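J.: Please find one structure pasted underneath; my questions will follow.
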Amino acid sequence: MSFTEYSHHFSSTVSAAAVSPGCQKSTSMKQIDETSPPGTKPSEIHKQIAETYGEGAMSRSSVYQWFTWFEEGRTSLGDEPKSGRPKTSTNEENTTRVDKLIRCDRRMKIREIALKLEIPKSTVHEIVHDTLGYRKVSARWVPKMLTEDHKLQRVEISQRLLQRCQQDNGDEDTTHNGVGPGGDFQANNNLFDNLITGDETWVRLNTPETKRDSMTWKHPSSPVTKKFKVQRSAAKVMATVFWDAKGVILLDILPQGQCINAARYCSTLDRLKEAIRRKRPGLLRRGVVLQHDNATPHSANLTQQWLQRYGWEILPHPAHSPDLAPSDFHLFGPLKRHLGGMAFETEDDLISELRNWFDNLDVDFFRVGINSLLSRWHKCIDLHGDYVEK
C-alpha cells in the first residue's frame, strides 16, 4: 500500500476540524487524501500540507520519513509500541558477582567493585544496599583479643554471680526482677545493697572536646562551623572513685608525682572505710562487698591482707573485662564527655569541678549503673563470654 493509498483508507476516521497538535498528523492525512492522486511525490505532499496548515504543520523531513515507512509496508499512523523500560545491569548474575567480591574483601569500595565488574557505580550501589542489604561499619574497639580461657572465665564468673543474686532473692529468676530506666534489671537483693564499686581514671586539666560532641544543628544557608585542633594537656591527675547505688562515697585524688601502688591503695581503702562509716551507717556491720578490677595494686598481697583484716568480701571479676565494671561502662564515659572542651588553670579547679559534677548527679544514675550488672552478666553468658557492647 502506498503512502497516498493509505491516506485514502485512513480519511474516513479523521475529523475535518482536527487541527490541534495532537491530531495534525491525522488531519494532514485527510488533506493528502482529498488532494493527492496516486503516485504523488513526497515533495509535492509536503507543499500541499504547508499551503493548507502552514509551514509548521509538518516538516519536510517528517513527510519524507513517513513516505518511506509506508512504502516499506507500514499501515498505522499511531506510535509504534514501546519495548518497555530498558533492561539494566541490576540482575541476578551481577548481584551474585557483587556479593562474591564483597565476601572475598569486605573493605572493597563501591568504585572498586564497579571498575572490576565493569558496571555503573549507581547499579553497584543499588545492589549492595538495596538488594543485598549490606551497610559499611567501622570495627568495634575491644580492650583485648579474648582467648577461649578468658571467655570461659567470664561465663563462669557471670553464672556464679547470677546464682548468688538468685539465692539472695529467694531462688527467684533474676531475669524477672523488673526493668528500670534504660531497660536495666532491678536488683533487689543483699548483694547489691552492700556492693561498692571503684576504679581509677586519669583526668586532665585540658580535655579537648570530641568531634561528635561538637556537632551542631544548621540550615543549608548557615555558615560552616570550624573546630580547631587542640592538644590534650600533659598535666593530669589520677582520680579514684568509689560509689554504690546511692551515689559517690569517696573521691580520692592522687597527688602529681606519686604512683598508685599497693601501699597507696590501702591508704585509699582506709579513707573509704571512714567515708562508709559517715555516709552509709550500718554497712560496715552488715559487711562490705567490694567490686574492683584485677589491677596490680588491687590484687597485691598487701591489699588482700587489708581486706581480710576488715572482713570485706571481694566480688569476683574476670580479667580484661571493663564491660563488666560499672565505673568503666557507666561512670567514666559521661565524666570525660562532661570535661570535654574545659580547661583548668590549677589542679584545685579541676578537683572542684569533679566534686560538683558528682554531687549534681541524680541518684537514679548510680542505681541504674549498679543494677545494669545483672543484664550484663546475662548478656555475657548469651555471647559465650564475648564482650558486651551495651
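J.: Report the gain in length on full extension from R278 to T68: 0.36 nm times residue separation, minus Cα-Cα distance, nm rounded to one decimal. Intermediate values should be presented prior to the final figure.
T.: On the way: separation 210, 0.36 × 210 = 75.60 nm, distance 10.66 nm.
Stretched fully, the R278-T68 segment lengthens by 64.9 nm.
J.: Set the bar at 30 Å for Cα to Cα. Now go through K236/K379; K273/K336; K236/K273; K144/K246 and name every pair that lies beyond it.
T.: Working: K236/K379 35 Å; K273/K336 27 Å; K236/K273 26 Å; K144/K246 32 Å.
As for pairs spanning more than 30 Å Cα to Cα, those are K236/K379; K144/K246.
J.: For region 235-244, in order, what is each residue's ³J(HN,Hα) by Karplus, 6.51 cos²θ - 1.76 cosθ + 1.60 with θ = phi - 60°, in whole Hz (x at glycine and Pro)?
T.: With the stated coefficients, region 235-244 comes to 6, 8, 10, 9, 9, 10, 10, 10, 8, 9 Hz.
J.: Quick check for you: with a 1.4 Å probe and neighbouring chains kept, what is the accessible area per residue of region 258-390, in Å²? Let's see the in-between values first.
T.: Details: 6500 Å² over 133 residues.
Here the residues of region 258-390 average 49 Å² of exposed surface.
J.: If R₀ is 41 angstrom, what is the calculated FRET efficiency for the pair Q167 and Y134, using the beta carbon separation as r and rounding to 0.05?
T.: On the way: r = 47 Å, r/R0 = 1.13.
My answer for the efficiency is 0.30.
J.: Any idea how far apart R160 and H338 come out in nm if each label point goes 7 Å out from Cα toward Cβ?
T.: 3.4 nm
J.: By how many nm would the segment from L302 to C259 grow when fully extended, if each residue of separation counts as 0.36 nm and the alpha-carbon distance is taken off? Working shown, then result.
T.: Working: separation 43, 0.36 × 43 = 15.48 nm, distance 1.60 nm.
Going from the current span to full extension adds 13.9 nm.
J.: Another question about this same structure. Please list, ordered by chain and number, the residues whose modelled amide H lies under 5 Å from the amide H of A235; skip anything fewer than 5 residues away on the same chain.
T.: Under 5 Å from the amide H of A235: L205.
J.: How much length, in nm to one decimal, is gained on full extension between D105 and K236, taken as 0.36 nm per residue of separation minus their Cα-Cα distance?
T.: Details: separation 131, 0.36 × 131 = 47.16 nm, distance 4.26 nm.
Fully extending the segment from D105 to K236 adds 42.9 nm.
J.: Okay, next question. Rounded to the nearest 0.05, what FRET efficiency do N356 and E389 have when you use their Cβ-Cβ distance and R0 = 30 Å? Spell out each step's value before the answer.
T.: Numbers: r = 31 Å, r/R0 = 1.02.
The value I calculate is 0.45.
J.: Separate question: Rounded to a whole number, what % of the accessible area of region 223-379 do carbon and sulfur atoms account for, probe 1.4 Å? Numbers along the way, then the final one.
T.: Values: 3920 of 7860 Å².
On region 223-379, the fraction of accessible area on carbon and sulfur atoms equals 50 percent.
J.: Where the centroid of each part is defined by its Cα atoms, how far is region 259-338 from region 120-166 in Å?
T.: Region 259-338 and region 120-166 have Cα centres spaced 30 Å from each other.
The values are calculated or read from the model by the stated rules, or taken from the named source; none is laboratory data. Being a predicted model, the structure only gives us computed values, none of them experimental. No Cβ is skipped: glycine too gets one built from the backbone with ideal geometry, and neighbour counts run over all protein chains shown. When the accessible area is computed, the model is the full protein with side chains, heavy atoms only, and any ligands, DNA or RNA have been set aside. Shrake-Rupley method; radii C 1.70, N 1.55, O 1.52, S 1.80 Å.
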